[in-house]
Every structure is written in structure tokens, then in C-alpha cells.
1. Can you pull out every residue in the stretch 128-170 that is assigned to a strand (DSSP E or B) and either within 13 Å of the ligand (Cβ to nearest atom) or farther than 15 Å from ARG112 by Cα (or both)?
2. Residue under question is LEU103, and the condition is that it be within 16 Å of the ligand (Cβ to nearest atom) and more than 27 Å from LEU81 (Cα to Cα); does it hold?
3. Does the stretch 26-41 hold any residues that are of a type in the set (Ser, Thr, Tyr) and in contact with a Lys or Arg (Cβ under 9 Å, 6 or more places away or on another chain), and which are they?
4. Restricting the stretch 55-79 to residues that are modelled with pLDDT under 80 and not polar (S, T, N, Q), which is farthest from THR32 (Cα to Cα)?
5. What are the residues in the stretch 45-69 that are charged (D, E, K, R), closer than 18 Å to ALA86 by Cβ and part of a helix (DSSP H, G or I), if any?
6. Which condition breaks for GLU30 when tested against (1) within 18 Å of GLU85 (Cα to Cα); (2) exposed (fewer than 10 other Cβ atoms within 10 Å of the Cβ)?
7. Kindly indicate the residue of the stretch 180-196 that is in contact (Cβ under 8 Å) with a residue 60 or more places away in the chain and within 14 Å of the ligand (Cβ to nearest atom) and also nearest to LEU140 (Cα to Cα) among those meeting that condition.
8. One residue is enough: does the stretch 177-185 have a residue meeting the conditions surrounded by 15 or more Cβ atoms within 10 Å (Cβ to Cβ) and small (Gly, Ala, Ser)?
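The values are calculated or read from the model by the stated rules, or taken from the named source; none is laboratory data. Values in this document were obtained by computation on a predicted structure and should not be read as measured data. Because the Cβ atoms are built from the backbone with ideal geometry, glycine has one as well, and the counts that use them run over all protein chains shown.
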Amino acid sequence: IGITPILSMARRLQQIGSKYHLYYCARSVEETAHYNAIATSTLCDNVTFIHDKATKDKRLDVSSLVKDREEDCHVYVCGPLGLVEAVKNAARGCSPETVHYELFGADPSAIRYHESDSEFTVTIGSSGKSFAVPPGQSILQVLAANGMKVRTLCEEGYCGSCLTPVLSGKPDHRDSVLTQAERNSGQLIALCCSRAKSENLILDL
Ligand code: FES
């Protein structure tokens with residue numbers, strides 16, 4: 001659930017005395033996981049609960065929060081797609097490095113396969129072996145078919161488990177986990193969904 005990673009971050013920030021504020025949206029107190037633990041802890045002064053089951057107009061004003069924050073303030077959002085999208089929309093025009101999010105499902109706007117996809121090869125840096133990745137198949141599927149094991153979880157481009165360093169070549173990013181700066185650097189690739197813009201990718205595997 002969305003609060004779990006955010007709560008760990010809040011506890012750590014509290015511990016080291018960093019400035020933060022946690023906005024915890026849920027439908028009601030009864031549907032707020034860890035409510036008592038938070039409300040009775042040292043975190044409580046830095047937490048605002050928003051419960052909108054009874055009063056629909058009591059929604060979190062995401063737009064104002066994101067736009068009016070201090071310049072060096074980072075936003076971390078975790079939860080359903082609607083909330084994440086609202087934060088991303090409010091943050092348009094802001095530095096993308098200051099907005100961090102975690103989805104619980106694949107980003108529906110992310111396009112995994114294009115009709116114009118073409119075949120490329122991946123080369124395993126440690127062994128020098130190369131494999132062709134045809135359109136319609138992921139690098140991950142090709143590696144698995146050739147007996148290679150890669151750590152994966154979501155296999156839809158949003159968890160980051162399969163991120164792998166790229167030694168050479170140009171990735172065609174189709175995940176929703178890398179930041180824009182990470183994409184631009186081309187140093188990592190999500191093997192479960194991303195492809196290549198170059199004819200060959202050499203992976204640090
Ligand atoms: S397995 Fe989750 S991003 Fe690839």
C-alpha cells in the first residue's frame with residue numbers, strides 16, 4: 001500500500017531532523033492504515049490526514065501544494081494512478097528531478113510496442129554472447145529463453161527490479177521508473193520493456 005514506503009521515509013526524516021510534511025489521503029479513519037501508530041507518534045505534527053469519504057470537497061489540493069512548495073522541496077508520491085497523475089500534472093514545468101513517484105501498475109500512457117519496432121541485438125558484457133531481440137519480444141524474454149536469469153518483479157516497467165547498466169549502445173526507454181536525467185544518460189535500461197535505438201546494446205551482465 002502507498003503509505004508503507006512513504007512512512008519509512010517520514011520516520012527517517014524525523015529521525016535526522018529534516019524538514020518534511022506528509023499528506024496522507026484515505027477515505028476514512030477506518031480505512032487509514034497505521035492511523036493510530038502515526039497519530040500517536042512523534043510524526044503527528046508533520047502529518048496531515050485527508051479523509052474524503054464523508055466530505056468530497058475535502059480533497060487534497062495537489063496543485064497548490066506542488067506549485068507553492070519551496071524551491072528545493074522534493075515531492076514523493078505513492079498511491080493510485082489518479083493521485084500520481086494529479087501530482088505529475090501539477091509539476092509540469094518544474095524540475096523533473098524534484099518529483100518522485102511510484103506506481104502500483106503499469107503507466108497506461110507508456111507504449112511498450114510500436115509497429116515500427118525493429119530487431120536489434122543485445123550482447124552480454126561478461127561473456128560476449130549476443131542475442132537478437134525481434135519486434136514483439138522484450139530483452140528479458142530473449143535472455144530468459146537463452147537461460148539467463150535477471151531479477152524481475154512487475155515486468156511492466158514500473159518497479160525498477162530489472163534495471164541493468166548499459167555499457168554501450170542507445171536505449172529506447174519505455175519504462176516509467178527512470179527519471180528524465182537517467183534516461184538522457186543512457187546508462188541504465190529496464191530489460192522488461194525498453195528496447196534499443198542502436199543496432200546493438202552491450203549490457204553489464
Ligand atoms: S521488472 Fe519491473 S521494471 Fe522491469
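1. Across the stretch 128-170, the qualifying residues are SER130, PHE131, ALA132, LEU163, THR164, PRO165, VAL166, LEU167, SER168.
2. The answer is no for LEU103.
3. The answer is SER28, SER41.
4. ASP57
5. LYS56, ASP57, LYS58, LYS67 - these are the residues of the stretch 45-69 that are charged (D, E, K, R), closer than 18 Å to ALA86 by Cβ and part of a helix (DSSP H, G or I).
6. Among (1) within 18 Å of GLU85 (Cα to Cα); (2) exposed (fewer than 10 other Cβ atoms within 10 Å of the Cβ), GLU30 violates only (1).
7. CYS193
8. No, there is no match, as no residue in the stretch 177-185 is surrounded by 15 or more Cβ atoms within 10 Å (Cβ to Cβ) and small (Gly, Ala, Ser).
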